[in-house]
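**Student:** Could you have a look at this structure, given as structure tokens, before my questions?
The values are calculated or read from the model by the stated rules, or taken from the named source; none is laboratory data. Everything quoted here is computed from the prediction, not taken from an experiment. Reconstructed Cβ throughout: ideal geometry from the backbone, glycine too, with neighbour counts over all protein chains shown.
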């Protein structure tokens, strides 16, 4: 309960900031750490609720969909650092229609075929541009399209677990057994994803401490302007607390897919400190008092007196 009261006071609490000397830099760091862990947990849960259900559906479909892509008549034999097939080549395996709808437009137009099997030829750029595949299985290697162009992997560089050259036969039954064996592993993917999101967010929040250490220099300068005797540890301590409001706003904007820049983060921290320390009216000079107006005199009484 006290933690949430600190969150509220860190956003706006002149008395809280006026008594900042009662709290140490370690207290402020501990508060910011708790805030980061809580935010990482909430954000990981929200992202999980959005991503896990469709991910589970996708993972459940992988074994059947992957086996469906592999043609039942195709048999590939790997031996002596080469590959050969039992079909007429070049042999094309096209991108499934449901995949095309899920692919970005630039990737969809880049691929003419998902896989091309042409084991009679060595790799050449001309043939690759002619085929425009996602992957090309050629005589002694495989070429795979990636963001940087084409990655070529020769079979001579691939070894089995005993260090010997690859030697096996690949057909539809082997592919099906492979994905059936892989299915239980897919059950752990959501948990791994959630854990990865949580730890990744904690890492980013850890980096934000370095950002606050830099912003504390501007807080130190602000203290000079406000005529406060703040040293750097005090400025850093105040930065941890004043970062609460921009920290919360950042997460709201991130969920709205509009992440702001660090300049706004720093500006809000300075504004929070100005509002909370500038609200202390005890040090403000009192307005000058207006002297009372003179009482009107009666002219008749004056004449009688004379």
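**Student:** Of the residues 192, 197, which is surrounded by 11 or more Cβ atoms within 10 Å (Cβ to Cβ), modelled with pLDDT under 90 and under 30 Å from residue 58 (Cβ atoms)?
**Tutor:** The match here is 197.
**Student:** Take residue 214 and decide whether it is free of Cβ contacts under 8 Å to residues at least 60 places away in the same chain, touching a helix residue (DSSP H, G or I) at 6+ places or on another chain (Cβ under 9 Å) and not assigned by TED's automatic domain parsing to the domain that holds residue 40.
**Tutor:** no
**Student:** Right, here's the next one. Being closer than 21 Å to residue 88 by Cβ and touching a helix residue (DSSP H, G or I) at 6+ places or on another chain (Cβ under 6 Å) is the filter here; which residues of the range 144-177 pass it?
**Tutor:** Result: 175, single match.
**Student:** Select from the range 108-120 the residues that are surrounded by fewer than 15 Cβ atoms within 10 Å (Cβ to Cβ) and either out of contact with any helix residue (DSSP H, G or I) (no Cβ under 9 Å at 6 or more places or on another chain) or modelled with pLDDT of 85 or more (or both) and write down the one among them that is nearest to residue 155 (Cα to Cα).
**Tutor:** 120
**Student:** Six or more apart or on different chains, Cβ atoms under 6 Å: show the pairs whose first residue is in the range 45-59 and at pLDDT 85 or above and whose second is not in a helix (DSSP H, G or I).
**Tutor:** Close Cβ pairs satisfying both conditions: none exist.
**Student:** Would you be able to tell me the number of residues in the range 1-47 that are more than 16 Å from residue 235 (Cα to Cα) and outside any helix (DSSP H, G or I)?
**Tutor:** Within the range 1-47, residues that are more than 16 Å from residue 235 (Cα to Cα) and outside any helix (DSSP H, G or I) number 3.
**Student:** As an exercise: evaluate residue 227 against (1) in contact with a helix residue (DSSP H, G or I) (Cβ under 8 Å, 6 or more places away or on another chain); (2) in a loop (DSSP other than H, G, I, E, B) and give the number of the one condition it does not meet.
**Tutor:** Tallying (1) in contact with a helix residue (DSSP H, G or I) (Cβ under 8 Å, 6 or more places away or on another chain); (2) in a loop (DSSP other than H, G, I, E, B), residue 227 fails exactly one: (1).
**Student:** Evaluate the following for residue 157: is it modelled with pLDDT under 90 and loosely packed, with under 11 Cβ neighbours inside 10 Å?
**Tutor:** Judged against the criteria, residue 157 is a match.
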